[in-house]
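Student: Structure below; questions to follow.
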Amino acid sequence: MNKNRSKDQSTIKTKLGQKTTLQVCLIGLVAILSIGFASVVLEQFLVREALKAEAKHFWGNLAVDPTFQVPNTSNLKGYLKEVGSKLEFQGLPENSASLNPGFHKMHGQTAHSLLYISEQEGQRLILLFDGKSVLRLAVFFGVFPLTLVLLLIYITAWWVYRESSSLLSPIVWLANKFDNFDPAHPDASLDDLTDIPGDSDWEVEKLVTSFSSYSRRIQRFVERERAFTRDASHEFRTPLTVIKMASDLLLSEQDLDSYSKKFVKRIKGSARDMEELIDAFLILARETDKEFIDEHIVVAEIVEREIKSGQIYLEDKPVVIEVNEQFPLELYTARKVMSIVLGNLIRNAILYTNKGKVEIIITEYSVVIRDTGIGMSEEQIKKIFQPYYRAEHDSKTKRKGYGVGLTIVKRLSNRSNWVVNVESEIDIGTSIEVIFLETV
C-alpha cells in the first residue's frame with residue numbers, strides 16, 4: 001500500500017523540483033518575449049525616429065545650402081534625385097522609383113534594415129539604413145548580458161533547489177519512516193531516529209520527539225486492544241460453545257418431539273450466527289486480521305457449507321436453493337472472512353424469500369446471490385450498508401434483523417479489496433454480486 005502511494009502521490013521534493021522547473025521556464029519565456037519586444041521597439045521607434053530626424057535635418061540644410069551632401073556613413077546611405085526620375089542607384093531596389101514616401105522593409109537585407117523615402121520641392125530623398133551594426137550592438141549590449149543574467153538566475157535557482165531539498169530531506173525522511181511504521185508489528189518502534197539525513201535543526205528535533213512519543217502511545221493502545229479482543233473472544237465463545245453442546249445433546253434425545261427439535265435447531269443456528277458475528281466484530285476491531293491466515297480455498301465448498309448451515313432458516317417455506325457453478329473459482333484469502341461474507345448474504349437471501357428460489361452463481365471472478373424475495377427500493381439500496389439500518393418489510397416477512405449483517409459484509413469486502421454490487425426490485429427479488437479483483 002505504501003509503495004503504491006509513493007508512486008501515485010508527489011512528494012515535497014518532487015513538487016519543489018516541479019516549481020523550480022516551472023520558474024526557470026517562465027524566466028526563459030519572459031526573456032525571449034523581452035528580446036522580441038526590444039526588437040520591435042528598436043525598429044518601430046528608435047530607427048524610424050532617427051531616419052525621420054535625419055531626413056528633416058537634410059532638408060533643412062539643403063534649403064540653406066543647395067550643395068549640401070546626402071548622408072553617407074557605414075550605417076546610413078542617402079540618395080537624392082528628381083521626383084519621377086528613373087535614375088537607379090547601386091544598392092537600392094529596382095522599384096525604388098515607384099515606391100511611395102514612407103518606410104519600406106528591405107527584403108534580402110539584415111534585420112532592422114529600413115528604406116525611408118521623403119519628398120520636398122520636386123526632389124526625392126532616399127535614406128537606406130543598414131541594420132548590421134544594430135544587430136551587433138544588440139548582441140553585445142543586449143543578448144550577451146541577458147544570457148549572463150539568465151545563466152546567473154538559473155544557477156541561483158538550482159542552488160536554491162539544492163538547499164531547499166537539503167532542508168526538506170529530514171522531513172521527507174521522517175514522513176517515510178512514520179508511513180512505514182506498523183504499530184501491530186511486535187518489533188515496531190520509532191525510538192531510533194538518530195540517523196536523520198540533511199540538516200537537523202530545532203524543528204526537526206521537535207518532530208522526532210513528537211513522533212517517538214506518538215509511537216509509544218499507539219503501541220500502548222495496540223497492546224490494550226489486543227488484550228481486550230483476546231479476552232473478549234474467549235469470554236464470548238465459552239457460553240456459545242456451551243449453548244451449541246447443549247443443543248446437540250437435546251437433538252440427540254429420542255423423546256424430543258419435532259416441534260421442540262425445530263426450536264432447538266433455531267437455538268443452535270442463533271448460537272452459530274452469534275459466533276460468526278463475534279468473529280466479524282473482532283476482525284473489524286483490529287487494525288489487521290493476521291490471525292486469519294490467507295490460504296488456498298475453493299469458493300464452491302464454502303458456498304455448500306453456508307447453504308447447509310442456512311437450511312434451518314427455511315422453516316418449511318416453499319423455497320428452493322440452487323448452486324450454479326459456471327467456473328471452478330479459487331481464491332487465496334482468509335477462509336473465515338470469505339465464510340462470514342457469503343454466509344451473511346446467503347442467510348439474508350433465505351430469510352427474505354418467502355417463496356421461489358435462491359440461486360448462487362459462481363463465475364470466473366465473482367459470486368452472485370440472487371433470490372425471488374421481497375426486494376428493495378432504490379432508496380433502501382442506498383442505505384442497506386449503513387449500520388443498524390433495517391428496511392421496513394413487516395407486512396411481508398416475520399424476520400427482523402439487527403441491521404449489521406450487510407454492514408459487516410461491506411466492511412470486510414473493502415478490507416479484502418472486493419467489490420459488492422446490489423440490484424433489487426420490490427416484489428421481484430434481489431441480486432448481490434461480490435467481485436473478487438484478485439483470483440488464483
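Values in this text are rule-based calculations from the coordinates and carry no lab data. A quick note: this is a predicted structure, and the numbers were derived from the prediction, not measured. A quick note on method: Cβ atoms are made from the backbone with ideal geometry, for glycine too, and the neighbour counts reach across all protein chains shown.
Student: For each of Ile435, Ile384, count neighbouring Cβ atoms within 10 Å of the residue's Cβ, then give the residues from fewest to most.
Tutor: In order of increasing Cβ crowding within 10 Å: Ile435, Ile384.
Student: Further question on the same structure: Once you put a point 7 Å from the Cα of Ala63 and another 7 Å from the Cα of Thr21, both along the Cβ direction, what distance in nm separates them?
Tutor: Once both label points are built, they end up 6.5 nm from each other.
Student: Neighbouring Cβ atoms within 10 Å as the yardstick, rank Ser377, Ser98, Ser169 fewest first.
Tutor: Taking fewest neighbouring Cβ atoms as first place, the list is Ser98, Ser377, Ser169.
Student: Report P(r) for the range 292-440: all Cα-Cα distances, bin width 5 Å, range 0 to the bin holding the largest distance, values in whole percent.
Tutor: 2, 9, 20, 25, 21, 14, 7, 2, 0
Student: Note the full-extension length gain between Glu295 and Arg220 as 0.36 nm times their separation in residues minus their Cα-Cα distance, in nm to one decimal.
Tutor: Computed gain between Glu295 and Arg220 is 23.9 nm.
Student: Expressed in nm to one decimal, what extension gain is obtained for the pair Ser210 and Val70 from 0.36 nm per residue of sequence separation less their Cα-Cα distance?
Tutor: Numbers: separation 140, 0.36 × 140 = 50.40 nm, distance 8.53 nm.
Full extension of this stretch gives 41.9 nm more.
Student: Taking the Cβ of Glu423 as the center, what net charge do the other residues with Cβ under 12 Å away carry, scoring Lys and Arg +1 and Asp and Glu -1? Walk me through the intermediate numbers first.
Tutor: Values: positive: Arg370; negative: Asp371, Glu378, Glu425, Glu433.
Summing Lys/Arg as +1 and Asp/Glu as -1 gives -3.
Student: Give me the percent relative contact order of the range 292-440, please, defined on Cα pairs under 8 angstrom at least 6 residues apart.
Tutor: In percent, rounded to a whole number, it is 25.
Student: If you don't mind, there's one more thing I want to ask. Starting from 0.36 nm per residue, how many nanometres of slack lie between Ser98 and Leu150 once their C-alpha separation is accounted for? Working shown, then result.
Tutor: On the way: separation 52, 0.36 × 52 = 18.72 nm, distance 4.66 nm.
Length gained between Ser98 and Leu150: 14.1 nm.
Student: Taking the Cα-to-Cβ direction at Gln386 and at Asn417 and moving 7 Å from each Cα, how far apart do the two end points lie in nm?
Tutor: 3.1
Student: Another question about this same structure. Report, for the range 292-440, the % of DSSP beta bridges that are antiparallel, rounded to 5.
Tutor: Working: 24 of 31 bridges.
Here the share of antiparallel DSSP bridges comes out near 75 percent.
Student: Follow-up. Enumerate lysine pairs in the range 292-440 that are 8 or more residues apart or on different chains, then count those whose Cα atoms are under 21 Å apart.
Tutor: 24
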